[in-house]
Amino acid sequence: MRSINIHQAKTHLSRLVDEAEKGDSFIIAKAGKPKVKVTGLDEPPAKPKRLLGALQGLYTIPDNFEEIDRELDKEIEGMFLGEDAE
């Protein structure tokens, strides 16, 4: 692996980053002593595509869902107000 002094790295950083991205790793040295290793990152895995409608038909909403919701609202309100649920 090649070693580049810090002054050269600062001068040619853009080119060196492009090379590292292509797989040509290198070491940056200061006063002849290796300080850091520069390597390209792996490509992040592709996100799986979201499939819209995948659960269609698995769940149904009852026709009286609004009435059920009102009943539940009254029950929850009673709990907050300290009233007994009937």
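The values are calculated or read from the model by the stated rules, or taken from the named source; none is laboratory data. All of these numbers come straight from a predicted model, not from anything done at the bench. Backbone-built Cβ (ideal geometry, glycine too); neighbour counts: all protein chains shown.
Observations
- Members of region 46-81 that are out of contact with any Pro (no Cβ under 9 Å at 6 or more places or on another chain) and either within 30 Å of residue 9 (Cα to Cα) or aliphatic (A, V, I, L, M) (or both): 46, 51, 52, 54, 55, 58, 61, 72, 76, 79, 81
- Some residue of region 73-84 being modelled with pLDDT of 90 or more, surrounded by 13 or more Cβ atoms within 10 Å (Cβ to Cβ) and on the phi < 0 side of the Ramachandran plot: no
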